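Here the structure is laid out as structure tokens; the discussion comes afterwards.
Where a number appears in this text, it was derived from the coordinates with a stated rule and is not lab data. Not measured: the values here are computed from a predicted model. Note: ideal-geometry Cβ built from the backbone for every residue, glycine included; neighbour counts use all protein chains shown.
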Amino acid sequence: MATVLVTGGNGYIGSHTVISLFESGYDVVIADNLANSKMEVQKRLKTICGRDFKFYKVDCCDEKALSVVFEENRIDSVIHFAGLKAVGESVRIPLDYYSNNIGSAITVCKLMKKYGVKNLVFSSSATVYGMSEDVPFTEESPVGICTNPYGWTKWMIEQILRDFAVSEPSMKICLLRYFNPVGAHESGLIGEDPRGIPNNLFPYISKVAGGTLEKLTVFGDDYDTPDGTCLRDYIHVVDLAEGHVKAIQYLDSHDAGVCLFNLGTGKGTSVKEAIAAFEKACGHPINHVFGDRRPGDIAVCYASTEKAEKDLGFKARYNIDDMCSSCWKWQTMNPEGLADD
Ligand code: NAD
Ligand code: UD1
């Protein structure tokens with residue numbers, strides 16, 4: 001049985017990916033420093049999968065500590081999720097973002113080289129497409145016009161990994177650019193569990209629907225879109241997780257080098273449409289008001305899914321209603337989020 005090291009495997013996307021890997025017959029080892037997640041996730045994974053996974057509480061920037069994980073396990077592939085991801089926070093504490101995100105990626109690469117592990121999947125983001133609105137974004141669309149330090153870390157790590165692959169010609173590296181991951185596992189046991197007041201749309205709507213926040217402010221309804229609100233490519237986190245399994249399988253069956261795929265649905269959903277879909281899922285109106293545009297937002301962002309479909313065999317299965325109903329189940333089963341450790 002092949003073993004996948006999942007860094008950041010205790011987080012939102014990582015934990016869903018652990019389940020998909022397990023269901024596809026992989027063994028999983030998790031390395032996470034709990035900077036943005038709680039140990040309760042491991043208990044939930046055990047309930048869902050009927051077994052627990054080897055878990056290391058380790059900072060992926062700490063080469064010595066992370067080397068123990070490579071020393072004690074025969075790792076075949078790595079999926080590197082570990083990183084900080086809050087856009088606003090990255091503007092306030094850019095050095096922490098650069099050192100954590102870039103530092104952890106470099107450390108993972110160094111150890112992969114040292115221990116002869118060849119397959120790496122990296123969590124990149126549609127944020128690397130920057131402020132362009134030339135949709136749909138294809139993997140060939142221009143990048144490198146990021147609007148915040150978080151986005152730049154993704155752009156820089158992509159470049160670092162390309163350089164690494166040139167220096168290590170036997171490395172197989174897959175860059176995955178996610179669009180907007182939302183939703184939760186069908187069990188309602190794991191989902192997105194942000195600290196404090198959420199910045200992103202779905203966690204915010206969920207909390208308004210659940211009554212912990214009073215109302216949603218829609219950031220702008222004067223965009224050049226059909227209903228005036230921004231369009232985004234929301235993708236169910238379970239689909240996204242399955243995309244990672246496809247990426248691991250792709251690396252196993254292809255030659256060395258770097259490959260790149262968008263993971264989205266190819267469909268733009270407006271903020272108004274997202275609210276309407278959530279209202280359908282929860283069965284009551286979502287209190288909302290219309291406010292100013294949020295600085296840095298673009299009107300329209302969605303993926304071209306052609307390459308992922310053709311080469312990776314990946315096609316999202318879930319629609320916006322599925323995303324909302326799973327979010328709502330997660331919210332109602334965990335109104336206060338997960339318990340502190
Ligand atoms: P998350 O915060 O829920 O998960 C990240 C996990 O990494 C957390 O459990 C955190 O504790 C851990 N971590 C952070 N720094 C670490 C370090 N130095 N060492 C060990 N563990 C560390 O975030 P997520 O939404 O699951 O995102 C996973 C990855 O996908 C991130 O790299 C993120 O930038 C990327 N991504 C996320 C989105 C999104 O909207 N959620 C979109 C595009 C890309
Ligand atoms: C955010 C990140 C981006 C990341 C992406 C992936 C920011 C600024 N950008 O993008 O880097 O790659 O998530 O998930 O955080 N909205 C409201 N009211 C709210 C919250 C959001 O109207 O309270 C609107 C936004 O204006 C936007 C849409 O909802 O039009 C989606 O917002 P959000 O969930 O924050 O995602 P993105 O901005 O696409």
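Calculation over all alpha carbon pairs of region 183-341 in 10 angstrom steps from 0 returns a P(r) of 10, 35, 33, 18, 4, 0 percent.
Exceeding 19 Å between C-alpha atoms, which entries from my cross-link table qualify? They are Lys64/Lys113; Lys38/Lys280; Lys172/Lys267. Each step should come with its number before you reach the end.
On the way: Lys64/Lys113 14 Å; Lys38/Lys280 31 Å; Lys172/Lys267 30 Å.
Table pairs above 19 Å Cα-Cα are Lys38/Lys280; Lys172/Lys267.
Please give the contour-minus-distance gain from Ser132 to Thr3: 0.36 nm per residue of separation, less the Cα-Cα distance, rounded to one decimal in nm.
Roughly 42.6 nm would be gained on extension.
Listed by chain and number, the aspartates and glutamates placed with their C-alpha closer than 13 angstrom to that of Lys272 are Asp221, Asp222, Asp227; residues fewer than eight positions away on the same chain are left out. Fewest-first ordering of His244, His236, His254 by other beta carbons within 10 Å of each residue's beta carbon gives His254, His236, His244.
When both region 278-308 and region 46-112 are represented by their alpha-carbon centers, they are found 30 Å apart.
Relative contact order, whole percent, for the chain stands at 20, derived from Cα pairs under 8 Å and 6 or more residues apart. Here the alpha carbons of region 180-231 define both size measures, Rg and Dmax, at 13.1, 39 Å. Straight-distance candidates among the lysines for linking to Lys43, with alpha-carbon spacing under 18 Å and chain neighbours fewer than 8 residues away dropped: Lys54, Lys57. When the label point is put 7 Å from the Cα of Lys215 along its Cα-to-beta-carbon vector, which residues of region 289-305 have a backbone N closer than 18 Å? Zone members listed by number: 289-294. Here's the picture: charge each Lys and Arg Cβ at +1 and each Asp and Glu Cβ at -1 in the chain, and of Thr332, Ile30, Leu231 the one pushed furthest to the positive end of that dipole is Ile30.
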